[in-house]
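Report on the structure given below.
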Amino acid sequence: MADASTKRVPQDQPEDASANGAGSLEELRHLILAPEQEALERLHHRVVNPEARTEDVSSVVAEAIQLRREQGGSDALSEALAPTIETAVRESVRKDPTTLADALFPVMGPAIRRSILETLRSFLESFNQIMDQSLSVQGLKWRLEALRTGRTFTEVVLLHSLVFRVEQVFLIHKKTGLSLGHAVAPSVAMQDPSLVSGMLSAIQDFVRDSFNSAPGEGIERLNVGDLDVWVEAGPYAILACVIRGIAPRALRDTMAEVLENIHREYSAQLDRFTGDTAPFSAVNKELARCLEYKYKEGSKRKGYGYAWAAAGVLLLFVGGFFGWRWWQYRRWNNLVDTLRGQPGLVITSFGREHGRFSIRGLRDPLAPDPRQFVEKAGLDPAKAEFHWGAYYALDDAILQQRATQLLAPPHGVTLTVENGILRLAGQPSASWLKDLRARSLLVPGLSSVDFGRFAPEQMAFDQTKDDVQGVIIKFPVGTASLSAAERSSLRNLVPKLASLQNSAATLHQNLRLEVVGHSDATGAEGTNQSLSQRRADRVAWELLQLGFADSALHAKGVATAEPVRNEDTEENRQFNRSVTFVVKTSSSPQP
Amino acid sequence: MIQKKICMLGSFAVGKTSLVRRFVESIYSDAYHTTVGVKVDKKVVHHNGSEISLLLWDLYGEDEFQKMRWTYLRGTHGYLLVADGTRRNTLEKAFQLEQRVREEVGAIPFIFVINKADLIQDWQLDPAMESQLIARNWSILRSSAKTGENVDDAFSQLTRKMFP
């Protein structure tokens, strides 16, 4: 336009224009063209300057995309944008995966949940159904039928409990008979969809051809036994549903709707189709909408009753079994506790092994037979399995048995063990006692022997003591003088006293020898007292002379207080004119 | 997945079905030929690194009892034109069939297969016929469904022709 004006203007000017005229012409041109010139320059700037161009495009880019989509060219737009968006997404994930993860999080959770729920629901539904049927009388009948017909039980159950089920859906390209998509219900045996599609369209052609039907007409339904094939034809594609049972009319509407959707979404691809099914990869999801099914109402309710009853019985059995096992286990546990309380038995472990109750531990050869406890507890001894390791127990009861067995005490002698120390009771013979200490060392577990009064030293001491206490030194009437015979008796007594003293030292005893003077009952009491004291003193003095230690001697006169014999005869009275000895011991602190 | 519809064309008893049987594993019985006039089989072949499913429509060869159904040819991407080398009239019939296909669905890729190469001593190929064949400038293969000679080759050549 600018060009046109610049050309047009000089044509309007006279040929003989002066210099002045030229100047005013320029001015005129400026006046007329200035706004256009400026507009042109602005336009030029906008075209040449990338920043300005960016700004221009930015203000319309969103509207442009929207317009393009509305015009129906969404495929081209998507194709153009796809690589960029893919790269952008990849780049975003590479940079920071959390951004995309965060953005997708609210979508993914519900989607995953729905998918899992859907899977679980369909699994539970078919599982319930099969459980119900397999536990009922009808279920048994069906099982027989399955055996008879060679079908799987699941198949027979479905056949009887389904009102209908769409088993397979085929989408077939009308012109070529090639398979565009295929959806199949779970656990349905299927043939190659492309072959079935081919044959199905061949049969369509065959029928149409054979009966000279009008174009656009064709088979709408094929029926073989309880299998139905419903066919819905569109301009480019055919939808075929393989149905078992009697499907409701509404399924036709679903099929028509699905086919319409496919035609709307894929019209161009269907038209251009030359065998590449890649553009139809998403079509199976749409086809799956036709995979409808319906179970018989009655069979479901009835079935649940059986299932519940069966579950109850099963629970009872399982509960009873575990209860019984628990009770058995408790009884065995109690047995183990009893065994633990037995001397000479140590239980290290117990439990069930191959249906028997096994108890492991250590057993002293002298311990009671554990089998007797099994019988006492009312348990089957055949079910018990013992694994014992031998050991020597240190329980007093066992030690006592062991000592009795090994030391063989003579009749009338009993052995007891307390805290590992052997004690004797009864009247052991000196010969048996002789090397008891040495033999006791051979009894495992016995820490020592408490001989008590059966200690050889003690016995010797007691013997000597008895001897000493049996000695009576007699005096003539009214005197405290010793005869030669009595003096000799005293001399004989001294070695015994020395032996007593030695024994007492060995037994850690302090020895006290009381020299007791007596008098007969004749004579005055006062005289008798002094007489008996003198007699005692006399003997004590004599013993001192003979070398007996002074500290142990205690002389005392008891007059008639402790008569040696009753004075019923003269002979007996003689015995009371005497001195006797009493040996006393008291414990001395051990060194 | 790329699929191609391929038809087997030729006179009665030239060995179309035998060629297909040599080439594929099928799920349908041959009885379909006489009832519906076609049997569909499938063979997966590899071409340029991608898998291609060939859907073979084995069409019933025309005889006095049954006519060939041309509807089956609709949408086909290529075909194998089969003749019997021992029967001269089958070759002539093949020429007619090719012309008819061109009229029905246009010029589409095909391979001409002269079958029964195992009986080559009985072939009825005279020089006149040979010159006719040469003049047509077709892709021709000598095959034998009996020995398997060129069977795979016929199908792979056809596949190559469909993907120029």
Practice task
Would you mind finding the one in A:Ser179, A:Ser187, A:Ser210 that is touching a strand residue (DSSP E or B) at 6+ places or on another chain (Cβ under 8 Å) and of a type in the set (Ser, Thr, Tyr)?
Solution key: A:Ser179
Exercise for the section: Could you check A:Gln204 against (1) within 12 Å of chain B (Cβ to nearest Cβ); (2) crowded, with 24+ Cβ neighbours inside 10 Å and say which number it fails? Expected result: (2)
Exercise for the section: Within the stretch A:340-375, count every residue that is of a type in the set (Lys, Arg) and either modelled with pLDDT of 85 or more or under 19 Å from A:Ile398 (Cα atoms) (or both). Expected result: 4
Exercise for the section: Of the numbered conditions (1) closer than 16 Å to B:Met162 by Cα; (2) over 14 Å from the mean Cα position of the chain (by Cα), B:His77 fails exactly one; give the number of that condition. Expected result: (2)
Practice task
Kindly list the number of the only condition in (1) of a type outside the set (Phe, Trp, Tyr); (2) surrounded by 15 or more Cβ atoms within 10 Å (Cβ to Cβ); (3) more than 14 Å from chain A (Cβ to nearest Cβ) that fails for B:Ile52.
Solution key: (3)
Completion exercise
Of the residues in the stretch A:523-554 that are touching a strand residue (DSSP E or B) at 6+ places or on another chain (Cβ under 8 Å) and loosely packed, with under 14 Cβ neighbours inside 10 Å, the one that is modelled with the highest pLDDT is A:Leu544
Problem - Filter result for A:Ala397 (among the small types (Gly, Ala, Ser) and at pLDDT 85 or above) - result: yes
Exercise for the section: Would you mind stating whether A:Ala382 is exposed (fewer than 13 other Cβ atoms within 10 Å of the Cβ) and not acidic (Asp, Glu)? Expected result: yes
Handout entry: Residue count for the stretch A:163-179, restricted to those that are facing chain B (nearest Cβ under 9 Å), buried (at least 20 other Cβ atoms within 10 Å of the Cβ) and either part of a strand (DSSP E or B) or among the basic types (Lys, Arg) (or both)
Key = 3
Exercise for the section: Considering only the stretch A:181-199, state which residues are more than 9 Å from chain B (Cβ to nearest Cβ) and either touching an Asp or Glu at 6+ places or on another chain (Cβ under 6 Å) or in contact (Cβ under 8 Å) with a residue 12 or more places away in the chain (or both). Expected result: A:Gly181, A:His182, A:Ala183, A:Val184, A:Ala185, A:Pro186, A:Ser187, A:Val188, A:Met190, A:Pro193
Practice task
Within the stretch B:67-116, work out how many residues are within 14 Å of another protein chain (Cβ to nearest Cβ) and of a type outside the set (D, E, K, R).
Solution key: 14
Completion exercise
Of the residues in the stretch B:23-38, those that are touching a Phe, Trp or Tyr at 6+ places or on another chain (Cβ under 7 Å), at pLDDT 80 or above and more than 8 Å from chain A (Cβ to nearest Cβ) come to B:Phe23
Handout entry: Test set (1) at pLDDT 80 or above; (2) at positive phi; (3) more than 14 Å from chain B (Cβ to nearest Cβ) - A:Glu220 fails condition number
Key = (2)
Handout entry: helices (runs of 4 or more DSSP H) lying entirely in the stretch A:379-482 (those with 3 or more residues that are more than 60 Å from the chain's Cα centre (by Cα))
Key = A:430-434, A:456-470
Completion exercise
Of the residues in the stretch B:52-94, those that are among the β-branched types (Val, Ile, Thr) and touching a Leu at 6+ places or on another chain (Cβ under 7 Å) number 2
Problem - Residue list for the stretch A:290-314, restricted to those being modelled with pLDDT under 75 and small (Gly, Ala, Ser) - result: A:Gly298, A:Ser299, A:Gly303, A:Gly305, A:Ala307
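The values are calculated or read from the model by the stated rules, or taken from the named source; none is laboratory data. Just so we're clear, the structure is a prediction, and the values are computed from it rather than from any experiment. Methodologically, a virtual Cβ is constructed for each residue, glycine included, from the backbone with ideal geometry; neighbour enumeration extends over all protein chains shown.
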